[in-house]
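Trainee: Dropping the structure in here first, questions after.
The values are calculated or read from the model by the stated rules, or taken from the named source; none is laboratory data. Because the structure is predicted, anything quoted here is derived from the model rather than measured. Methodologically, a virtual Cβ is constructed for each residue, glycine included, from the backbone with ideal geometry; neighbour enumeration extends over all protein chains shown.
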Amino acid sequence: MESLSNRKKVLEQKPMSFGEKIYLPSIAKGLAITFKHIFKKRETIFYPEELRPMSENWRGLHSLKRDENGKERCTACGLCALACPAEAITMEAAERKKGEENLYREEKYAAVYEINMLRCIFCGLCEEACPKEAIYLDGPFLEADYLRKDFIFGKDKLVEEPLKP
Amino acid sequence: MELTFVIEKVVLVSVIFLITLGIAAYSTLAERKIAGYIQGRVGPHRAGPFGVFQPLADGGKMFFKEEIIPSQSNPFLFIAAPCLALLTASIGSAVIPWGQDVTIGDRVIQLQVANINVGILYIFGVVSLGVYGIMIAGWSSNNKYSLMGSVRAASQNISYEIAMGLSLIALLMVTQTLSLREIAEQQNGFWQNGWFSWNFFCQPIGFLIFLVCSFAECNRTPFDLPESENELVAGYHTEYSGFKLGAFLFSEYINMFVSSAVMSTLYFGGYNFPFMNDLGLSANIIAVLGVLFLFAKIFFFIFFFMWIRWTVPRFRYDQLMNLGWKVLIPLSIANIVVTGIWITVKDLL
Amino acid sequence: MNLFYFVAFLSIFFSLLVIFSKNPVYSVLYLIVTFFTFSIHYILLNAQFLAIVNFIVYMGAILVLFLYVLMLLNLNKESEPMKSNLLKVVGVIAGLCLLLTVAGSLKLLHASDPVLLKNPDIGLVRNLGKVLFKEFLLPFEVSSILLLSAMVGAVLLAKKDITKV
């Protein structure tokens, strides 16, 4: 058929010359290349000790943020659970008691906040949905574990460390 | 037979056996390290500094794995096959001269286990015996993939034995002896009578054929069809697991060590090294240096085996057979003819 | 001498096992061991070359092919044809006849008398080669031509279409 783009090239397979047939020069060439590679820079990153530099918009494990006074930002509004396409987020709201003002920023807070990391697709829609800037996907990788129940992360794993006084 | 002689030989045999096992074990580490370096990685490095304990970890893993003996197999032969593979691999080192004679007091100690005058033929016999381990393994597993794999491996080994033997005949015409010790002594020094004394420089083509054949005999890449896991269902050791599989893999590395030693002895002067006679050192020191040089040559060949493995891809089976029967055998016969003509002409002059 | 009797006992024992084992593959494996004991006999006779050649040619090549064929034949007890009693009787008679002939001819030749070698080193390669290439040159060359013709015949049989050659 006529080529429309005019970029078609018909390649001809030439019969191999004697030098190519005895195969040794090409093996020698290959050996030289592999020998050169022995002295090249290693690409290995020693993972647990050394981390690969992440992109700025990398989305890792979730963390629930605290404000500048160390109070939890989340008010258990449920918008993140609503936004989640994978239905990975559940929560239970509770009312703030007297004396807990330094723990929670607003009068309503999340008593239970669970993310099923096996369901989560790390899309970041919870981050976008959150009106209080309480959840960010700025953590590391999800690590392997033995039991499914251990992949349901509660507040103990999600909430940021309290501010150091 | 005096007692000291027996003790001397027992010590020599155990030392060589231990060295063989040690080198075979560390070849597994070296293989992975070299693979890593060639591919821009670092290889195993967690077990100990630079991964030096990796072979121990691998061995321990092999020990504690489940040993599966298929129910329809032949249990005795199934267990005997890896033992036979290990045995035939390790007895080859008995005739290799490891160094010049060492004199301690009045005793002259030969650094060779058995100085038999048909050393090369002995090696050849041991190599041809190596097929049995593979064939018995394949048959006793009672699995058609294993059987086909063992048939494939056995026909490869038999085919390449022929070319190997023919390439050796040309070498024997030059050396005029079958004893490995005499062959090593003939290659004394590096330069004799206006030409290199090492046999490689008289028999480059023969060495090339021998090298290719020893790759095929050791089942190393590019001829590792007997154990191509992904495209040919592994081959004769499909049904093997745990330590018996380890024995097969281990015997491959022992084979590699022994054939490296044979190649260095036959073609690269064995324990001889350049300027060994001009240094003015005592005979014992030269003997020890010779052993070190022999091991340096062996290590180079082992490295070469691995280097080739990570450079040249696997041959197809018909290409393998074509290379063996249609290229190497005619080439080695031509080599014999040319060597014969050369020797006759040299005698006439 | 004791060593000789021990090895001779082993060779007879294993050759009996070759005959009496039901499984043909076992037979071949016992035959390999028998040939190995033959090699030891040769070494005891100071015939190193013959020992190694027996090792290479019989153990390393011919019996490998035997094993090869038997493994692929898949001889089971079920597929083995029933032998009639008449055949067994005929076999026994033929075997006894062979035994009688061999024993008679050995007695006639006085071969069982102890043989004293004139030259005990005749089995070494150098001497053997000289004898083969000087005294017995013609039979040696004729046998090599015989082997060559057998090889050519095998190649011709393996060719599918002879007319195309």
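Trainee: Look at A:Asn57 and say whether it is under 42 Å from the mean Cα position of the chain (by Cα), away from every other protein chain (no Cβ under 12 Å) and in contact (Cβ under 8 Å) with a residue 60 or more places away in the chain.
Mentor: Against the criterion (under 42 Å from the mean Cα position of the chain (by Cα), away from every other protein chain (no Cβ under 12 Å) and in contact (Cβ under 8 Å) with a residue 60 or more places away in the chain), A:Asn57 does not qualify.
Trainee: Just for helices (runs of 4 or more DSSP H) wholly inside region A:1-83: which have at least 3 residues that are surrounded by 10 or more Cβ atoms within 10 Å (Cβ to Cβ) and at pLDDT below 85?
Mentor: A:18-21
Trainee: May I pose another question? Given the options B:Phe248, B:Phe299, name the one that is surrounded by fewer than 19 Cβ atoms within 10 Å (Cβ to Cβ) and either touching a residue at least 40 places away in the same chain (Cβ under 8 Å) or closer than 22 Å to B:Asn219 by Cβ (or both).
Mentor: Numbers: B:Phe248 fails: surrounded by fewer than 19 Cβ atoms within 10 Å (Cβ to Cβ).
None of the others qualify; the one that does is B:Phe299.
Trainee: Among the helices (runs of 4 or more DSSP H) contained in region B:244-348, which hold 2 or more residues that are among the polar types (S, T, N, Q) and away from every other protein chain (no Cβ under 14 Å)?
Mentor: Result: B:329-348.
Trainee: Sort through B:Asp347, B:Asp318 and tell me the only one that's closer than 26 Å to B:Val174 by Cβ, out of contact with any Cys (no Cβ under 8 Å at 6 or more places or on another chain) and exposed (fewer than 13 other Cβ atoms within 10 Å of the Cβ).
Mentor: Numbers: B:Asp318 fails: closer than 26 Å to B:Val174 by Cβ.
Testing whether each residue is closer than 26 Å to B:Val174 by Cβ, out of contact with any Cys (no Cβ under 8 Å at 6 or more places or on another chain) and exposed (fewer than 13 other Cβ atoms within 10 Å of the Cβ) leaves just B:Asp347.
Trainee: Right, here's the next one. Quick one: in region B:181-195, which of the residues that are away from chain C (no Cβ under 13 Å) and in contact with a Gly (Cβ under 9 Å, 6 or more places away or on another chain) is surrounded by the most Cβ atoms within 10 Å (Cβ to Cβ)?
Mentor: Top of the filtered list is B:Ala184.
Trainee: Just for helices (runs of 4 or more DSSP H) wholly inside region C:1-96: which have at least 2 residues that are modelled with pLDDT of 85 or more and more than 11 Å from chain B (Cβ to nearest Cβ)?
Mentor: Ranges flagged: C:2-20, C:24-44.
Trainee: If you take the residues of region A:101-128 that are over 19 Å from the mean Cα position of the chain (by Cα) and not charged (D, E, K, R), which of them is farthest from A:Leu61 (Cα to Cα)?
Mentor: Checking each candidate, the answer is A:Asn102.
Trainee: State which residue is farthest from B:Phe5 (Cα to Cα) when the search covers only region B:114-165 and only residues that are more than 10 Å from chain C (Cβ to nearest Cβ), surrounded by fewer than 22 Cβ atoms within 10 Å (Cβ to Cβ) and among the small types (Gly, Ala, Ser).
Mentor: B:Ser159
Trainee: Then there is this: Collect the residues in region B:35-63 that are outside any helix (DSSP H, G or I) and away from chain A (no Cβ under 14 Å), keeping them in residue-number order.
Mentor: B:Ala47, B:Gly48, B:Val52, B:Phe53, listed by residue number.
Trainee: Considering only residues that are β-branched (Val, Ile, Thr) and at the interface with chain B (Cβ under 10 Å from one of its Cβ atoms), look in region A:30-52 and name the one that is farthest from the chain's Cα centre (by Cα).
Mentor: Going through the qualifying residues, I end up with A:Ile33.
Trainee: Another question about this same structure. Note down all Cβ pairs under 6 Å where the first residue falls in region B:64-77 and is more than 12 Å from chain C (Cβ to nearest Cβ), the second is of a type in the set (A, V, I, L, M, F, W, C), and they're at least six residues apart or on different chains.
Mentor: What qualifies is B:Ile69/B:Phe78; B:Pro75/B:Ile69.
Trainee: Sort through B:Ser150, B:Ser197, B:Ser167 and tell me the only one that's touching a residue at least 24 places away in the same chain (Cβ under 8 Å) and under 19 Å from C:Val69 (Cα atoms).
Mentor: Checking each option against the conditions leaves just B:Ser150.
Trainee: How many residues does region B:251-296 contain that are buried (at least 20 other Cβ atoms within 10 Å of the Cβ) and at positive phi?
Mentor: So the count comes out to 2.
Trainee: Anything in region B:302-334 that is under 15 Å from B:Phe268 (Cβ atoms), in contact (Cβ under 8 Å) with a residue 60 or more places away in the chain and among the aromatic types (Phe, Trp, Tyr)? List them, or say none.
Mentor: Matches in region B:302-334: B:Phe303, B:Phe305.
Trainee: Restricting attention to region B:160-198, report how many residues are more than 17 Å from the chain's Cα centre (by Cα), not aliphatic (A, V, I, L, M) and not in a loop (DSSP other than H, G, I, E, B).
Mentor: 9
Trainee: For residues that are out of contact with any strand residue (DSSP E or B) (no Cβ under 9 Å at 6 or more places or on another chain) and within 20 Å of B:Asn272 (Cβ to Cβ), scanning just region B:63-113, find the one that is surrounded by the fewest Cβ atoms within 10 Å (Cβ to Cβ).
Mentor: B:Val113
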